[in-house]
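The values are calculated or read from the model by the stated rules, or taken from the named source; none is laboratory data. Predicted, not measured: the structure shown is a model, and the values here were computed from it. Cβ atoms come from the backbone with ideal geometry, glycine included; neighbour counts cover every protein chain shown. Remember, those area values only see protein heavy atoms, side chains included, never the ligands or the DNA or RNA. Shrake-Rupley method; radii C 1.70, N 1.55, O 1.52, S 1.80 Å.
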Amino acid sequence: MSAISELSPSAGGCYPPPAELTGAPENRALSILLEDARAGRPVHVEHIPARAGRQVPWPAWAPAEITDAFARRGIAAPWSHQAAAASHAEAGRNVIISTGAASGKSLGYLLPALTSVLAGDTVLYITPTKALAADQLASIRSLALPGVTAATFDGDSTTAERAWARSHARYLLTTPDMLHRSLLPGHARWSGFFSRLRYVIVDECHEYRGVFGSHVAHVLRRLRRVVAHHAPPGGPPRPVFVLASATVGAPGVCARLLTGLEADEVTEDGSPRGPLAFALWEPPLTEARGEAGARLRRTAISQTADLLARLVEREVPTLAFIRSRRGAEAVALAARRALGGHEAPAAKVAAYRSGYLPEDRRDLEAALGDGRLVGLATTTALELGVDIAGLDAVLIAGWPGTWSSLWQEAGRAGRSGRSAAAVLIARDDPLDTYLVRHPELLLGHPVEATVLDPGNPYVMAPHLCAAAAELALTDQDVNIFGAGARPVVEELTRAGRLRRRPAGWYSLRRAAAGPAGLRGAGDAPVRVVEEATGRLVGTVDEPSAQLIVHDGAVYVHQGETYLVSRLDLADRVALVDPCDLGYTTTARDVTEVEVRGELRRTTLGAGEVLFGDVQVTRQVVGFTRRRADTGAPLGDTPLDLPPRHLLTRAVWWTVSAAGRDRLTEAGIDLAGAAHAIEHAAIGLLPLFATCDRWDIGGVSADLHPATGRLSVFVYDGHDGGAGFAERGFQAAREWLTATRQAISGCDCEAGCPSCVQSPKCGTANHPLSKHGAAVLLDLLLTGAL
């Protein structure tokens with residue numbers, strides 16, 4: 001990466017004033033953020049220069065009415081990567097286009113797709129979010145092409161709109177969820193559409209990772225069967241898959257894992273972009289103190305809200321990406337307060353997240369697009385390719401979990417071609433602290449490959465049942481689902497969920513609904529209802545309900561704060577009352593792990609690293625109240641909620657009896673050392689596996705019942721595993737080395753959120769031993785104290 005770098009001290013010390021950022025091109029957004037030194041300064045600024053574009057002529061096969069329509073929108077000719085992807089697809093080859101954010105990937109699939117629609121074919125467009133489907137629908141309709149009837153078919157569509165789409169749509173935009181729940185089970189009613197289906201467009205396919213990605217991979221395999229069933233005999237193989245992705249490692253592998261088919265890669269980006277200043281910001285220390293008396297840094301939420309308010313006040317169009325729905329609400333609320341409450345320009349700030357009603361989401365998207373909103377605090381719902389031009393700044397509150405997401409979010413700035421700024425604000429946890437203090441790793445690391453495992457039998461089994469309900473499952477069909485499908489089919493047959501007949505395997509419709517949800521939320525969502533009025537405020541997915549809307553929880557929605565008076569899990573409703581208490585709440589849970597089977601093991605120093613099947617039992621036992629401005633704890637409240645059980649996979653390391661004796665002789669707090677390593681290792685695993693720290697969990701003990709040894713477990717938070725723990729096993733030495741560096745490199749004395757404390761610890765970060773963790777890691781890595 002060609003860049004001009006400016007490095008400032010990471011903790012304490014003096015930061016250079018803006019004028020001393022020598023060699024830096026002028027950047028208005030960054031200059032505004034640097035004007036007030038009281039809120040801290042970036043520890044590093046990377047200046048990424050502008051890039052020229054490379055246009056090529058329209059392909060000879062492209063109809064004039066389509067190229068003219070694009071010309072009316074100001075697109076005189078395609079960029080080189082757009083033309084390359086379009087030509088692969090037009091020739092009948094599966095293709096994946098993997099280029100940077102705002103590179104115009106959509107033209108690469110729209111050109112062949114619209115051409116085929118004009119020729120009488122149909123096109124299916126699949127997106128992970130309804131917001132992107134709505135945005136793409138508006139884009140297609142703006143071309144005003146006669147004969148192109150496009151419609152969305154998603155959770156926001158009314159019954160009448162769905163019926164119209166089934167009868168008339170030739171370009172159908174949907175989500176994998178609706179494909180799974182409605183289109184495939186009801187494929188007979190869609191026979192006219194499927195019989196003419198030429199292209200399947202899988203947009204933002206880098207989002208299909210982990211368990212969600214594994215589910216989507218099987219939905220696409222089921223789609224291949226249905227299309228083959230309805231296709232006229234003797235025609236070319238259908239459908240052709242066109243996948244679009246942010247920059248990812250090994251895009252061809254990603255395409256093959258998702259579709260089960262080979263695909264050509266288009267990765268050379270021919271689009272131009274303006275200069276980008278990428279700043280790494282570590283919030284300053286406050287006088288507040290947390291567990292063990294450690295000084296707390298200003299929260300990433302408070303810091304982001306302050307920076308967002310500064311930019312909005314100066315009319316700088318800005319997106320602030322927040323890791324949680326609650327955080328997005330908190331940032332928007334704090335920014336509005338900083339700007340004067342409900343007076344302008346406070347009215348130009350809002351939050352955007354899932355759980356909003358459809359009409360509210362559409363209004364917010366339109367307001368940001370036309371300038372009525374200047375700042376929007378959003379979850380990853382707007383990380384994807386919704387076309388919002390003119391953004392001059394992006395704030396990223398905490399490491400987004402992958403390098404792909406980092407550059408996707410940062411790439412939302414500068415879409416208008418002007419200079420822009422992206423700012424990563426570090427949370428007070430081990431991973432964020434480590435990354436902002438190692439900018440060469442953060443900004444120079446290659447983008448990772450997408451991690452998904454279609455062979456996971458827990459994911460595969462319900463999809464095989466669903467496939468057998470859609471069409472008889474033949475021996476040839478089983479091969480579509482991969483080498484591991486046959487033993488799963490045999491087990492389902494023995495269990496009575498599938499029935500073998502001469503034509504293949506069948507399943508009763510009522511027993512073959514498949515997974516209730518693709519995104520890990522298997523049950524119906526919990527409704528959040530205002531108790532006094534009965535008004536539906538929003539919804540929360542069932543697995544998160546015990547953590548977000550438990551009794552006594554503070555719940556934030558569209559800038560309004562509510563106190564949860566009662567969570568009724570049987571009726572799936574949380575009753576809330578509006579209030580503003582000045583604090584937030586964080587649920588605490590306890591976890592037990594039982595080893596079900598060992599799959600792999602290896603020696604490491606004075607111990608071993610193992611990988612295998614486990615059963616995890618988790619129970620929310622209470623919650624902590626924290627000051628909204630500083631995050632300082634205000635007290636704990638117990639809860640009595642039912643436990644949840646999870647069959648998954650874990651990586652764990654143990655210390656030999658002799659090694660434990662050496663640690664005891666050295667006076668090490670063994671339980672505190674193991675607990676500290678558990679927290680820090682969970683925080684650092686996203687460096688080595690494409691996951692978020694909230695996708696994984698951990699347990700540690702001096703003498704763990706499952707092993708009889710000092711042990712630390714880190715497990716995947718999804719049934720059957722998601723591949724994260726396995727990646728940790730494969731990179732165990734590098735992972736634990738980075739964990740050791742993060743602990744020893746922290747300036748605190750006894751441990752803090754930047755190294756060994758965890759925001760979701762069920763035992764209030766007790767016991768913890770920072771010194772003991774360093775010694776224990778030395779023993780594991782070198783065999784010596």
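Would you kindly state how much longer the chain becomes between LEU569 and ARG499 on full extension, computed as 0.36 nm times their sequence separation minus their alpha carbon distance, in nm to one decimal?
Length difference between fully extended and current span is 21.7 nm.
Relative to the Cα centre, what is the charge dipole magnitude of the chain, using +1 at the beta carbon of each Lys and Arg, -1 at the beta carbon of each Asp and Glu, and rounding to the nearest 20 debye? Mind showing how you got there, number by number?
Details: 79 positive and 85 negative charges, 386 e Å.
My answer is approximately 1860 debye.
Placing +1 at every Lys and Arg Cβ and -1 at every Asp and Glu Cβ, with all other atoms neutral, what dipole size does the range 71-145 have around its Cα centre, in debye to the nearest 20? If you can, show how the numbers build up before the last one.
On the way: 6 positive and 3 negative charges, 35 e Å.
So the dipole magnitude of the range 71-145 works out to roughly 160 debye.
Quick query: amide H of HIS557 versus all other amide H atoms, modeled in the peptide plane; which residues come in under 5 Å with a sequence gap of 5 or more or a different chain?
When sequence neighbours closer than 5 places are left aside, the close amide H contacts are TYR562.
Positive end of the charge dipole of the chain (Lys, Arg +1 and Asp, Glu -1 on Cβ, about the Cα centre): tell me which of PHE241, GLY538, ILE677 has its Cα farthest that way.
Looking along the dipole axis, the top candidate is PHE241.
Would you calculate a helix-derived [θ] at 222 nm for the chain, using -39,500 (n - 2.57) for each DSSP H run of n ≥ 4 and dividing by the full residue count, to the nearest 500? Walk me through the numbers before you get to the answer.
Values: 24 runs with 254 residues, N = 785.
-9500 deg cm²/dmol, from helical runs alone.
Note down the net charge around LEU257, summing +1 for each Lys or Arg and -1 for each Asp or Glu among other residues with Cβ under 12 Å from its Cβ.
Net of charged neighbours comes to +1.
What is the spin-label model distance, in nm, from ALA483 to HIS645 if the labels are put 7 Å beyond Cα along the C-beta direction?
3.3
If you take the Cα Rg of the range 212-367 and divide it by 2.2 N^0.38 Å, with N the number of residues, what do you get?
Working: Rg = 23.3 Å, N = 156, 2.2 N^0.38 = 15.0 Å.
Taking N as the residue count of the range 212-367, the ratio is 1.55.
Please name which of ILE96, ILE48, ILE75 has its Cα lying farthest along the dipole of the range 47-117 towards the positive end, using unit charges on Cβ (Lys, Arg +1; Asp, Glu -1) and the Cα centre as origin.
ILE48
What is the calculated FRET efficiency for THR737 to THR617, with r their C-beta to C-beta distance and R₀ = 22 Å, to the nearest 0.05?
On the way: r = 31 Å, r/R0 = 1.42.
Rounded to the nearest 0.05, the efficiency is 0.10.
Over the range 711-785, how many percent of alpha carbon pairs lie in each 5 Å bin up to the one with the longest distance?
Distribution as computed: 3, 14, 20, 23, 22, 13, 5, 1 percent.
How large is the Kirkwood hydrodynamic radius of the range 651-700, counting all unique pairs of alpha carbons, in Å?
Details: mean 1/r = 0.0818 Å⁻¹.
Here the Kirkwood hydrodynamic radius works out to 12.2 Å.
5 Å is the cut-off here: which amide hydrogens, built 1.01 Å from N in the peptide plane, fall below it relative to SER700, excluding neighbours closer than 5 in sequence?
PHE713
Tell me the label-point distance for the pair ALA366, GLU35, using the 7 Å Cα-to-Cβ offset, in nm and rounded to one decimal.
According to this spin-label approximation, the distance is 3.3 nm.
On average, how much area does the Cα convex hull of the range 429-489 cover when viewed from any direction, in nm²? Before the final figure, lay out each step's value.
Values: hull surface 27.1 nm².
With the hull built on Cα positions only, its mean projection is 6.8 nm².
Return a whole-number percent for the relative contact order of the chain, with Cα pairs under 8 Å and 6 or more residues apart as the contact set.
Details: 1730 pairs, mean separation 90.9, N = 785.
Relative contact order for the chain comes out at 12 percent.
Note the per residue figure in Å³ for the convex hull of the C-alpha positions in the range 79-148.
On the way: hull volume 7.2 nm³, N = 70.
Given the Cα convex hull of the range 79-148, per-residue volume reads 103 Å³.
Per-residue counts of other Cβ atoms within 10 Å, averaged by peptide: what ranking do you get for 724-731, 208-215, highest first? Spell out each step's value before the answer.
Values: 724-731: 22.5, 208-215: 26.2.
In decreasing order of mean packing, 724-731, 208-215 become 208-215, 724-731.
Using only protein heavy atoms and a 1.4 Å probe, report how much of ILE66 is accessible, in Å² to the nearest 10.
0
Ordering LYS130, LYS105 by how much accessible area each has at a 1.4 Å probe, largest first, what is the list? Mind dumping the intermediate values first?
Working: LYS130 70, LYS105 25 Å².
Heavy-atom accessible area, descending, gives LYS130, LYS105.
Could you compute how much accessible surface TYR199 exposes when probed at 1.4 Å, giving the result in Å² to the nearest 10?
0
What spacing in nm lies between the two simple spin-label points modelled at TRP61 and ARG519, each 7 Å away from Cα in the Cβ direction?
The two pseudo-label positions are separated by 3.6 nm.
Identify, among PRO439, ALA263, CYS752, the residue whose Cα sits farthest towards the positive end of the charge dipole of the chain, taking +1 on the Cβ of Lys and Arg and -1 on the Cβ of Asp and Glu, with the dipole about the Cα centre.
Of the options given, the answer is ALA263.
So if R0 is 60 Å, what FRET efficiency would ALA119 and ALA750 give, r being the distance between their Cβ atoms, rounded to the nearest 0.05?
Values: r = 70 Å, r/R0 = 1.17.
About 0.30, to the nearest 0.05.
Give me the tail of P(r) for the range 532-663 as a percent: Cα-Cα pairs with distance above 19 Å.
Numbers: 5371 of 8646 pairs.
Beyond 19 Å sits 62 percent of the P(r) for the range 532-663.
Does anything in the range 252-284 have its amide N under 19 Å from the 7 Å Cα→Cβ label point of LEU599, and if so which residues?
257-258
Under a Cβ-only charge scheme (Lys and Arg +1, Asp and Glu -1), can you give me the dipole magnitude of the range 733-782 about the Cα centre, in debye to the nearest 20? Numbers along the way, then the final one.
Details: 4 positive and 4 negative charges, 31 e Å.
Magnitude of the dipole: close to 160 debye.
If you project the alpha carbons of the chain onto the principal axes, what extent comes out on each, in Å, largest first?
Result, largest extent first: 77, 68, 57 Å.
Of TRP58, TRP164, which has the most accessible area and how do the rest follow, probe 1.4 Å?
From most accessible down to least: TRP164, TRP58.
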